[in-house]
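All remarks here apply to the structure that follows.
The values are calculated or read from the model by the stated rules, or taken from the named source; none is laboratory data. Note that the coordinates shown come from a computational prediction; the quantities given were computed from them, not determined experimentally. Using ideal geometry, Cβ is built from the backbone for each residue, glycine included, and neighbour counts are taken over all protein chains shown.
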């Protein structure tokens, strides 16, 4: 069964400042599980890891992610950033009718465990 979550992006497109919410499902595949395990492992190795990764991603009308790249980072964790980017490429936002591909900027905040 796929996981589901809501992303709230900075804007609905590169030139938009209005927040938008999009729902994505993550595939249950061995590759996806390995990527997630790598992210968790990285966070366990440094539980004080703190900062922000900002991703730029394009969601196609069929719901697939055709592009995801690291837009900026305040963290010194290139391996974690690469793993997050690869994981996001596997997201499925679900097909939508009568829309065009959309590129969004999405920040991910990492805070130390309490």
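Cβ-Cβ contacts under 9 Å between residues 6 or more apart (or on different chains), taken from a first residue in segment 85-102 that is in contact (Cβ under 8 Å) with a residue 60 or more places away in the chain to a second residue that is surrounded by 14 or more Cβ atoms within 10 Å (Cβ to Cβ) and part of a helix (DSSP H, G or I), are listed as 87/32; 87/35; 87/36; 87/38; 87/39; 90/32; 90/35. Restricted to segment 9-114, the set of strands (runs of 3 or more DSSP E) holding at least 1 residues that are surrounded by fewer than 16 Cβ atoms within 10 Å (Cβ to Cβ) and modelled with pLDDT under 90 comprises 20-26, 51-59, 102-110.
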